[in-house]
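The values are calculated or read from the model by the stated rules, or taken from the named source; none is laboratory data. In this text the structure is predicted, and so the values were computed from the model without any measurement. FYI the Cβ positions are ideal-geometry reconstructions off the backbone, even for glycines, and counts take in every protein chain you see. These accessible areas exclude ligands, DNA and RNA; they are computed on the full protein's heavy atoms, side chains included. Shrake-Rupley method; radii C 1.70, N 1.55, O 1.52, S 1.80 Å.
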Amino acid sequence: MESYHIEKFNMGGINCTFVQDNHSKSKAGVIRGLHYQWDRPMGKLLRVVKGSGFDTIVDIRKDSPTYGVHSTFMLSEDNFAMLWVPPGFAQAFLALEDDTHLCYKTTALHNGDAEGAIHPTNSGLDIDWQVPNDYIILSEKDTTAQTFAEYAENPRF
């Protein structure tokens, strides 16, 4: 599989420089996100190399006509799908299998001092994670994250 080809991506409208590669490994039921970075916002190019998962992105740009709208995507080692997440979107990933590996390129370096999170299951966005709530595992960071209404009071984009 050719996972990245600069000329083909440029033809598809993704004209950026990737500066960091990340690899996360999760067990079934783990959600990571909805995360965003406001200082040097990052675009992300995602793909699952092992297992499967359900990805959700939310437009958090206050002046956008799709502000607050979310979209969902299935990513798996079998479908070879890749997802481009532009800067200004919050993103979350739910692993559907144990030992699921999500790899992604970013257009900015990680900056933990400028990172925010919107609660993935209590956001007020009515995201259908397609699994029962008792199946979902969240980190402390995501459990204590703000709702979308709280984000809207002081939007970063």
Can you pull out every residue in the stretch 1-38 that is of a type in the set (S, T, N, Q) and in contact with a strand residue (DSSP E or B) (Cβ under 8 Å, 6 or more places away or on another chain)? S3, Q20, N22, S24, S26, Q37
Any idea which of (1) modelled with pLDDT of 95 or more; (2) under 19 Å from P155 (Cα atoms); (3) polar (S, T, N, Q) is the one N79 doesn't satisfy? (2)
I'm told I57 meets every condition in (1) touching a residue at least 40 places away in the same chain (Cβ under 8 Å); (2) under 21 Å from G124 (Cβ atoms) except one. Can you identify the failing condition by its number? (1)
What number of residues within the stretch 15-40 are assigned to a loop (DSSP other than H, G, I, E, B), open to solvent by less than 70 Å² (accessible area, probe 1.4 Å) and out of contact with any helix residue (DSSP H, G or I) (no Cβ under 9 Å at 6 or more places or on another chain)? 1
Filter result for F54 (closer than 28 Å to A114 by Cα, open to solvent by less than 60 Å² (accessible area, probe 1.4 Å) and outside any loop (DSSP other than H, G, I, E, B)): yes
Could you list, ordered by first residue, the pairs with Cβ atoms under 7 Å in which the first is in the stretch 4-23 and within 10 Å of K105 (Cα to Cα) and the second is open to solvent by less than 100 Å² (accessible area, probe 1.4 Å) and β-branched (V, I, T), at least 6 apart or interchain? T17/T107; F18/T106; F18/T107; V19/T106; V19/T107; Q20/T106; N22/T106
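Given E2, E7, which one is among the charged types (D, E, K, R) and in a helix (DSSP H, G or I)? Can you show your working first?
Values: E2 fails: in a helix (DSSP H, G or I).
Criteria check complete, one pass: E7.
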